[in-house]
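Student: Take a look at this one; I'll ask things after.
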Amino acid sequence: MCVFCDIVEGKIPSSKVYEDENYLAFKDINPKAPVHILIIPKKHIGYLSEVDESNKHIIGDMAVIANKIAKDLGIAESGYRIVINNGPDSGQEVFHLHMHLLGGKKMSFSV
Ligand code: AMP
Ligand code: ZN
């Protein structure tokens with residue numbers, strides 16, 4: 001049982017902004033910025049920490065998709081932030097690897 005797998009399978013609705021054979025991107029249900037998109041691999045991977053030599057292309061693929069969405073949504077020039085939470089201290093709530101794409105406002109904290 002995984003909410004993002006349910007979204008991939010169409011059991012739960014989502015506002016899709018991008019889809020291809022292996023990836024899906026949709027609007028975050030509780031947006032923290034005017035643009036807040038989640039990019040996920042369709043194949044279930046729980047954590048960033050499961051990424052290794054065999055599947056590291058997934059991170060690059062998701063970054064390419066994030067850049068494309070940023071252009072499509074008009075935030076390529078104003079800038080954006082990519083976030084991947086991993087584990088308890090990060091605040092990860094959904095245990096299916098996802099990349100947050102945040103933009104459309106000045107970020108309220110610096111890292
Ligand atoms: P994280 O804290 O990195 O695990 O982020 C999980 C994100 O998923 C949060 O920003 C939630 O608002 C978002 N989220 C949870 N359920 C849904 C859903 N059904 N559709 C869209 N976004 C969701
Ligand atoms: Zn899943």
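None of the figures in this text is laboratory data; all of them are computed from the coordinates on show. Predicted model, so just to flag it, every value in this text is computed and none were measured. With ideal geometry, Cβ positions are generated from the backbone for all residues, glycine too; neighbour counts draw on all protein chains shown.
Student: When the helix-only estimate is applied to the chain (DSSP H runs of n ≥ 4, each -39,500 (n - 2.57), divided by the residue count), what is the mean residue ellipticity at 222 nm, nearest 500 deg cm²/dmol? Each step should come with its number before you reach the end.
Tutor: On the way: 2 runs with 22 residues, N = 111.
Per the formula, -6000 deg cm²/dmol.
Student: Past 18 Å, Cα to Cα, is the threshold; run LYS32/LYS56; LYS16/LYS105; LYS16/LYS56; LYS27/LYS105 against it and keep the listed order.
Tutor: Working: LYS32/LYS56 27 Å; LYS16/LYS105 21 Å; LYS16/LYS56 24 Å; LYS27/LYS105 16 Å.
From the list (LYS32/LYS56; LYS16/LYS105; LYS16/LYS56; LYS27/LYS105), the Cα-Cα distance tops 18 Å for LYS32/LYS56; LYS16/LYS105; LYS16/LYS56.
Student: Please give, to one decimal in nm, the separation of the simple spin-label points placed at GLU21 and ILE45, each 7 Å out from Cα toward the Cβ.
Tutor: Label at GLU21, label at ILE45, 1.7 nm between them.
Student: Work out the length of the dipole vector of the stretch 35-111 about its Cα centre, built from +1 on the beta-carbon of each Lys and Arg and -1 on the beta-carbon of each Asp and Glu, and round it to the nearest 20 debye. Before the final figure, lay out the partial values.
Tutor: Numbers: 8 positive and 8 negative charges, 66 e Å.
Dipole magnitude for the stretch 35-111 comes out near 320 debye.
Student: I want to make sure I understand the PRE zone here: with the label point 7 angstrom from the Cα of PHE109 toward its beta carbon, which residues in the stretch 56-87 have backbone N atoms less than 16 Å away?
Tutor: Residues 81-87 qualify, since their backbone N sits under 16 Å from the label point.
Student: Further, regarding this structure: Compute the acute angle (0 to 90°) between the alpha-carbon long axis of helix 57-72 and the principal axis of greatest extent of the alpha-carbon atoms of the chain; round to the nearest 10°.
Tutor: With both axes taken from Cα atoms, the answer is about 40 degrees.
Student: Sort the stretch 67-111 into rounded, prolate or oblate with this rule: let a ≥ b ≥ c be the square roots of the eigenvalues of the Cα gyration tensor; rounded if a/c is under 1.5, and if a/c is not under 1.5, prolate when a/b is larger than b/c, oblate otherwise.
Tutor: Numbers: a/c = 3.57, a/b = 1.66, b/c = 2.14.
It is oblate, given that a/c is not under 1.5 and a/b is not larger than b/c.
Student: Just want the answer: with Cβ charges of +1 for Lys and Arg and -1 for Asp and Glu, which residue in LEU38, LEU97, GLY79 is farthest toward the dipole's positive end in the chain?
Tutor: So the residue furthest toward the plus end is GLY79.
Student: Next question, about the same structure. Note down the relative contact order for the chain as a percent, whole number, built from C-alpha pairs under 8 angstrom at least six residues apart. Walk me through the numbers on the way to the answer.
Tutor: Numbers: 152 pairs, mean separation 35.0, N = 111.
Rounded, it is 32 percent for the chain.
Student: Among rounded, prolate and oblate, which fits the stretch 17-111 when a ≥ b ≥ c are the square roots of the eigenvalues of its C-alpha gyration tensor, a/c under 1.5 means rounded, and a/b larger than b/c means prolate?
Tutor: Values: a/c = 1.77, a/b = 1.28, b/c = 1.38.
Oblate, because a/c is 1.5 or more while a/b does not exceed b/c.
Student: Of the candidates GLY46, GLY91, GLY60, which one comes out as most mobile in a Gaussian network treatment of the chain with C-alpha springs shorter than 10 Å?
Tutor: GLY91
Student: State to the nearest 20 debye the size of the charge dipole of the stretch 1-83 about its Cα centre, where the only charges are +1 on K and R beta carbons and -1 on D and E beta carbons. If you can, show how the numbers build up before the last one.
Tutor: Working: 10 positive and 12 negative charges, 58 e Å.
Here the stretch 1-83 has a charge dipole of around 280 debye.
Student: In addition: Over the chain, with a Gaussian network built from C-alpha contacts below 10 Å, which listed residue (LYS16, LYS42, LYS71) shows the highest mean-square fluctuation?
Tutor: The residue with the greatest mean-square fluctuation here is LYS71.
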